[in-house]
Amino acid sequence: MGIVVNQAKDTFHLYNEEISYIIGILPNRQLGQLYFGKHIHIQEDYSYFLEMPVRPMSSCVFDTDKKFSMEYIRQEYPVFGTTDYRMPAVEVFQENGSRISDFCFCGYRIEEGKPKLPGLPATYVEEENEAQTLIMELADNVSGMSLELLYTIFSKGGIIARSVRFANKGEQDLHLTSAMSLSLDLPDREYDWIQFSGAWARERYPKERRLEQGIQSVGSMRGNSSHNHNPYVILKRPFTDEFQGEAIGFSLIYSGNFLAQAEVDTFDTTRVLLGIHPFGFDWKLAPGEEFQTPEAVMVYTDQGLNHLSQTYHRLYQKRLARGYWRDRERPILINNWEATYFDFTEEKLVEIARKAKESGVELFVLDDGWFGARSSEHAGLGDWVANPERLENGIKGLSERIEDLGMKFGLWFEPEMVNQDSDLYRKHPDWIIRTPDRKASHGRFQYVLDFSRKEVVDEIYNMMEKILSESKVSYIKWDMNRSITECYSSVLPAQRQGEVYHRYILGVYDLYERLTSRFPKILFESCASGGGRFDPGMLYYAPQCWTSDDSDAVERIKIQYGTSYGYPISSMGTHVSMTPNHQVNRRTPLHTRANVAYFGTFGYELDLNALTREEQEEVKKQITFMKQYGHLFQFGTFYRLKSPFKNNVSAWMVVSEDKKEAVVGWYRVLNGINLPCERLRLQGLDASMAYEINGDGPAHYGDELMYAGLVTTDVSSGQADKPEELSQDFESRLYILKAVKGGRQ
Ligand code: DGJ
């Protein structure tokens, strides 16, 4: 890894064994993008990357020349209107009404490691020589705005982390109306764009299309990153698949409004922009003030989509997630939401916990409904004190009873919300986000607290701190069940209303930071009606996230498969729930529900007392299995093998670091008759190790399993009288591979 600066040629080459990223200073002193891709040699001169054919219709920068136009030059952080007509990375509104700026290079620094981003989640380093950061200093002399482009290259992986710092060094008030975290101009458009989109309960389905001239984009203007689109997109070459070929990932470490966009211009170059959504964004910088954008992480690979995902998995698991739980196995939990909804008493909860304990569950989580006047969606949010009518001994008493059973206790909060029917709202009706003189829309009968205000965050912190410090709480589920409407803060002046969405998220991060510092051993699980804020920003504070409110196993195969493109399975909350399933009414076998949930942070979302004795015995076995293999699921390398979006049968697997163990999950949605023979080519094994499968039969070498494939043919598929457990809809199998003694044969 290194950063080579060639001052004679004005180029900067960031590289490691996998990638090169080359920046050049252009003749007009703006920054040009010369190359990003597979590692190439360090050369004296890369100026040939700066192609400047004469374009008859272009506007030109220099009075004496007909060639130099920003319209077709690939840039690092482009502005609009100084001969470039594409969407810019930045726009500065000045006192004279102008939006034109010209950011010219004025210096650079190289720092070892990686600077922290104040108030924002970001990747980090822990060891020496893990990363280096190039900071490019640019200034627009007319407006007085300065900016620094930060580029961090890590010693391992095709990763470049980027962000931008702005400082108003002039004498007038400036407004940032667009400040993207990343802009990348690529020399062609031979890419497929993949976005991860959907809706509540069917989040992060990969959607793919060929790039075309014009703009293609996804984003959120809801205040949260959203169920609808994820702040992560991939550009891949048309022939790239899971196992080979070039791809670039673009991921934003942010939980609020975002835009991810690719613009293909007239000359078939592609500009990717990623950052805070410019719609409604207007950040005022008075003289002397600064602004830091969120961080964006680009990953390049030439080894296919699995490799791209694995690079993100490692980075986000080890250098984004933090704290006590980062490297510890997560507890197997039971959550009472789908077991009771709002209908519970302390005794009922203890009954659920006792049965769960008998089966081996380690953590009992009390969900919504324990506080204030909360007995339905209509009341109580904002009053974070236990409801004595339901919990006569309070959270303190209940948590002690659960601990006495030998389990840990976890608690649900929705810190950012308030119901009108609550003491908090009655005391502070002006604390919600709403526009003066206009109706405030509700979502699930609740309103969003104005987390851009410190006193609001302080009050919620104090309530939470009190209950957490007097009770035995080991886990928090932090929910968020509606998006923002009528965005406005009653304490900010008119010219700062465009800051509210971002200030809100900074308030959320502030509360997370305070709580995780005060209670470093509490495990946080984020949630936003399931997957409405499954983004890298949240993972910095909460290493796991409730993946979706859809707990049906068949639905979850797709949701978890799609989520795995950008996020490690150790970040996905995955639970076994009741049948018929509460979202889709489907009846799936208990083993299939577990076989899907093992590939995540495993738990149960039901009352085990409601199961038959046989099912209860099966659950005990599932928990014993998960305790044995939890480490492998959490820390192993995850591979997607066969997509549920294209096939009736899908599969994935996880392999241990030493490659001596692996678990393959195989899932078939609908049963068939007289089916073709089937093999599944495995990945990531050691070709020369022999593996026993499910503890019996002859061992197979890794090369057999990877190149010839694991035989998964359903031998009963032509039998009319086949046993039901061998032949039904929603069937699944696990194949557990273990290297035979001695490893290699
Ligand atoms: C939405 C969450 O995703 C559910 O798991 C549950 O916590 C409910 N909210 C409670 O209101």
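The values are calculated or read from the model by the stated rules, or taken from the named source; none is laboratory data. This one's a predicted model, so the numbers in the text were calculated from it and none came from an experiment. Neighbour counts run over all protein chains shown; Cβ positions are idealised from the backbone, glycine included. With ligands, DNA and RNA removed, areas are computed over all heavy atoms of the protein, side chains included. Shrake-Rupley method; radii C 1.70, N 1.55, O 1.52, S 1.80 Å.
Within the stretch 339-372, how many residues are within 16 Å of the ligand (Cβ to nearest atom), of a type in the set (D, E, K, R) and over 25 Å from the mean Cα position of the chain (by Cα)?
Matching residues across the stretch 339-372 total 1.
Quick check on my filter: what residues within the stretch 510-529 are within 18 Å of Ser220 (Cα to Cα) and over 13 Å from the mean Cα position of the chain (by Cα)?
Result: Ser529, single match.
Where residues in the stretch 136-157 are outside any strand (DSSP E or B) and open to solvent by 20 Å² or more (accessible area, probe 1.4 Å), which of them is farthest from Lys318 (Cα to Cα)?
Ranking the qualifying residues of the stretch 136-157, first place goes to Val142.
Taking interchain pairs and intrachain pairs at least six residues apart, which have beta carbon atoms under 6 angstrom, with the first residue in the stretch 367-384 and open to solvent by 10 Å² or more (accessible area, probe 1.4 Å) and the second part of a loop (DSSP other than H, G, I, E, B) and among the acidic types (Asp, Glu)?
Gly372/Asp383
Filter the stretch 426-450 for residues that are open to solvent by 90 Å² or more (accessible area, probe 1.4 Å) and within 16 Å of the ligand (Cβ to nearest atom) and give the result.
Answer for the stretch 426-450, where residues must be open to solvent by 90 Å² or more (accessible area, probe 1.4 Å) and within 16 Å of the ligand (Cβ to nearest atom): just His442.
Given the stretch 564-643, what strands (runs of 3 or more DSSP E) lie entirely inside it while holding 1 or more residues that are closer than 23 Å to Lys660 by Cα?
Those strands (runs of 3 or more DSSP E) span 601-605, 637-642.
This table checks each residue for (1) β-branched (Val, Ile, Thr); (2) crowded, with 16+ Cβ neighbours inside 10 Å; (3) outside any loop (DSSP other than H, G, I, E, B); (4) modelled with pLDDT under 95.
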| site | (1), (2), (3), (4) |
| --- | --- |
| Ile3 | yes, yes, yes, no |
| Glu17 | no, no, no, no |
| Pro56 | no, no, no, yes |
| Phe68 | no, yes, no, yes |
| Tyr77 | no, yes, no, no |
| Thr82 | yes, yes, no, no |
| Ile100 | yes, no, no, no |
| Leu117 | no, yes, no, no |
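Leu349 versus (1) over 25 Å from Ala528 (Cβ atoms); (2) open to solvent by less than 10 Å² (accessible area, probe 1.4 Å): which is the lone unmet condition?
Here Leu349 meets the rest and fails (1).
Tally time: how many residues in the stretch 475-486 are open to solvent by 30 Å² or more (accessible area, probe 1.4 Å) and either within 16 Å of the ligand (Cβ to nearest atom) or closer than 25 Å to Leu405 by Cα (or both)?
The number of residues fulfilling the criteria is 0.
For residues in the stretch 581-626 being of a type in the set (Gly, Ala, Ser) and either on the phi > 0 side of the Ramachandran plot or surrounded by 18 or more Cβ atoms within 10 Å (Cβ to Cβ) (or both), which is nearest to the ligand (Cβ to nearest atom)?
Gly603
Out of the residues in the stretch 533-555 that are open to solvent by less than 10 Å² (accessible area, probe 1.4 Å) and closer than 19 Å to Trp666 by Cα, state the one that is nearest to the chain's Cα centre (by Cα).
Across the stretch 533-555, the extreme among qualifying residues is Ser551.
Looking at the structure I just gave you, is Lys558 buried (at least 21 other Cβ atoms within 10 Å of the Cβ), in a helix (DSSP H, G or I), at pLDDT 95 or above and not hydroxyl-bearing (Ser, Thr, Tyr)?
So Lys558 fits the description; yes.
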